[in-house]
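Some notes on the structure that comes next.
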Amino acid sequence: MSAVASMRDSILRADTRLSKYNPLSRILFYDDFDEGVNGWCELVGNHAGNLDDIRGIARDFRPPQLSSCTFFDIGTHGSIEGTYSLKLATRAVPNHAAIAIKRLTYMRRGLVQFETWFTFKAEQTFDRASLSGWDGNKAPSERQFGDFSFSNDICDGENGKRYMGLVRYLNTDVDGNLVQKWMHKTSVQPTTRMERQGVVPPNQDFHTVNPDDWEEIPGGNQPLCFNETASKVNWHYLKWIMDTSRRRMVELQCNDNVMDLSSIEVPVYDGHYHGLPNLLNFLLDVRTHTNVRNFLYLDSVLVSVDW
Amino acid sequence: MLRRSFTAVLEKNSTFTSDFVTEPYEAGWALEARWFVRILEISPGAGLTMTAQISPDGLFWCDQESGSFSLKEAGLASMPLRNFGQWLRLDARLSGKNPHVKVLIYLALKG
C-alpha cells in the first residue's frame with residue numbers, strides 16, 4: 001500500500017462515521033439520515049402534468065420518512081449513530097411497494113459501489129390467531145415481511161444503452177413461506193413509454209415484465225437477523241458493486257456472505273431514451289405481500305466510485 | 001445550520017367515497033407541521049371535514065388539540081400543528097348523499 005493510500009485508509013478508519021464502510025477511491029456521497037433525507041425522494045411514474053396519467057403501478061410509491069425506529073413496546077430504538085434513519089413504508093395492501101430514488105449523473109464510466117447499513121421490519125399486528133404455534137423464538141411478524149431491493153437506473157450518454165442493475169432480498173413468497181434468498185431479475189422494468197406503446201401489459205411487479213422474471217443469485221441463500229419480534233432492530237451491512245463500463249454487476253456482500261454477480265446478465269432496453277444522458281439513479285424499495293405494512297430502514301448510505 | 005424541512009405528498013389525485021385516514025407519517029424531528037388539502041373535485045352537497053390525529057407509535061391514534069377544518073368546494077385549505085408526537089395523520093370524514101371527493105394531501109414539516 002502506498003503512503004497516500006495508507007494515510008487515506010487511516011483517516012477513514014479514524015472517522016467513526018466512515019469506518020464502518022469500505023469506500024472505493026472517491027466517495028460520491030455519504031448520507032447520514034440524522035442530517036435529513038439527503039436527496040432520497042419518492043419515485044413517481046411519468047406524467048405531463050396530469051397525475052391521472054400516471055400508470056397504476058407507479059403512482060403511489062409513498063414519501064420516505066425520517067424514522068426514530070419508535071415502537072409501541074420499547075419506545076425509541078434509534079439508529080446506529082444518532083436517532084434517525086431513512087424509512088420506506090408500504091401501505092397495508094398486498095403487493096404494494098414503496099420506492100425512493102436519488103438522482104445523479106456520472107462523470108465517467110467505471111465501478112460504482114453502493115454501501116448501506118439497513119434493517120427491515122413488518123408492522124406489529126395484534127391478531128391472536130397469528131400466534132398459533134408461536135414457540136417464543138420464531139416471530140410470526142417475520143413471515144409478514146415480503147421483500148426489499150436495491151437498484152439503479154443507468155443510461156450510457158445520449159442515444160446510449162439504458163439498463164438497471166438490481167438485487168432483491170426475497171424474505172417470503174406470496175404465501176408467507178420463508179425464502180430468504182437474494183435474487184436478480186431477468187427482464188427490464190417496463191417503462192411508461194413501453195406501456196403506452198402496448199409493448200408490455202401493465203406489470204404487477206414494478207421491476208419486471210412478468211412477476212416470475214427472477215432467479216436466485218448463486219450463493220444467495222442467506223437468512224438475515226430479524227430477531228424474534230417486530231420491534232427489535234439489528235442493522236445489517238450491505239455492499240453492492242456495479243461496473244458501468246461493462247454494464248454488469250460485480251459483487252454483492254451482505255454481512256459475511258459475498259456473492260459473485262459477474263456472470264449475471266443485466267437486462268438492457270431496446271431502443272433509446274431521450275433526455276437521460278449519463279443517468280445515474282439509485283433506488284431503494286420495499287414490498288409487502290400481505291395486508292401488513294412493511295418497512296425498510298437505512299441508517300446511512302455511502303456511494304463511492306473508482307473514477 | 002439551516003432549518004430542515006420536508007414536504008410529503010400523502011395522497012395524489014386520490015378519489016374517496018367514504019371516510020378515510022391518511023397513512024401514518026413520522027414527524028418526530030419536526031417542530032412544526034402544516035397540512036395542506038387540495039380538493040380537485042367534490043360532488044354537489046358533499047363536505048370534507050379533516051381532523052389532525054397524533055400517535056406515540058403509529059398504531060393507536062387520538063385527535064390533536066388543533067381541531068378540524070372543512071371544505072365544501074374545490075380549492076386549497078390548510079391547518080398548522082405544533083406540539084405533536086412522533087406520528088401524524090389526517091382523519092377525514094365525508095358528508096352528504098353519495099359523496100365523492102378527489103384530493104391531493106400534503107404534509108409540510110419544519111424543524
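The table below lists the values:
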item: In range of the label at residue A:1: residues from region A:221-256 whose backbone nitrogen is under 19 Å from the point 7 Å along Cα→Cβ; result: none
item: Spherically averaged projected area of the protein assembly as shown from its Cα convex hull (nm²); result: 22.6 nm²
item: Amide N proximity, region A:88-122 versus residue A:258 label position 7 Å along Cα-to-Cβ, cut-off under 19 Å; result: A:111-117
item: Highest-fluctuation residue, B:88, B:59, B:71 considered, GNM on chain B with Cα pairs under 10 Å; result: B:59
item: Counted charge near residue A:30, where neighbours are those whose Cβ lies closer than 13 Å (Asp, Glu -1; Lys, Arg +1); result: -4
item: Fluctuation leader among A:238, A:51, A:88 - chain A, Gaussian network, Cα springs under 10 angstrom; result: A:51
item: Ellipsoid equivalent to region B:7-110 - semi-axes via the Cα gyration tensor, in Å; result: 24, 13, 11
item: Ranked packing of A:157-166, A:213-222, A:60-69, most packed first, by mean Cβ within 10 Å; result: A:60-69, A:157-166, A:213-222
item: Peptides ranked, highest mean first, by Cβ atoms within 10 Å: ranges A:172-179, A:9-16; result: A:172-179, A:9-16
item: Given charges at beta-carbon only (K, R positive; D, E negative), |dipole| of chain A in Debye; result: 460 debye
item: For the protein assembly as shown, with +1 on Lys and Arg beta carbons and -1 on Asp and Glu, the positive-most of A:236, A:298, B:36 along the dipole; result: B:36
item: Under 18 Å from the residue A:50 label point (7 Å along Cα→beta-carbon), backbone N, region B:1-39; result: B:12-15
item: Cβ crowding within 10 Å averaged over residues, with B:34-46, A:275-287 ranked highest first; result: A:275-287, B:34-46
item: Amide H contacts of residue B:32 (H built 1.01 Å from N, under 5 Å, at least 5 apart or other chain); result: B:110
item: 10 Å Cβ neighbours from other chains, averaged over peptide B:6-13; result: 5
item: Inter-centroid distance (Cα atoms) of region B:1-74 relative to region A:66-138, Å; result: 23 Å
item: Shielding score for A:49-55, defined as the mean number of other chain Cβ atoms within 10 Å; result: 2
item: Unit Cα scatterers, Debye sum, region A:158-307: log10 I(q)/I(0) for q = 0.14, 0.18 Å⁻¹; result: -0.81, -1.30
item: Lysines with Cα under 19 Å of residue A:181, excluding same-chain neighbours fewer than 8 positions away; result: A:121, A:138, A:239
item: Shielding by other protein chains, B:21-33, mean Cβ within 10 Å; result: 4
item: Lys pairs under 22 Å by Cα in chain B, provided they are eight or more residues apart or on distinct chains; result: 5
item: Kirkwood Rh (inverse of mean 1/r, distinct Cα pairs), region A:127-179, angstrom; result: 14.1 Å
item: Derived scalar couplings ³J(HN,Hα) [region A:284-296; Karplus, 6.51 cos²θ - 1.76 cosθ + 1.60; whole Hz; x for Gly, Pro]; result: 10, 8, 9, 9, 9, 9, 10, 8, 10, 4, 10, 10, 10
item: Relative contact order %, region A:226-307, counting alpha carbon pairs below 8 Å whose residues are six or more apart; result: 15 percent
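The numbers here are math on the coordinates, done by the rules we state, and not lab data. Everything numeric in this text was worked out from a predicted model, so none of it was measured. Please note: Cβ atoms are built from the backbone with ideal geometry, for glycine as well, and neighbour counts cover all protein chains shown.
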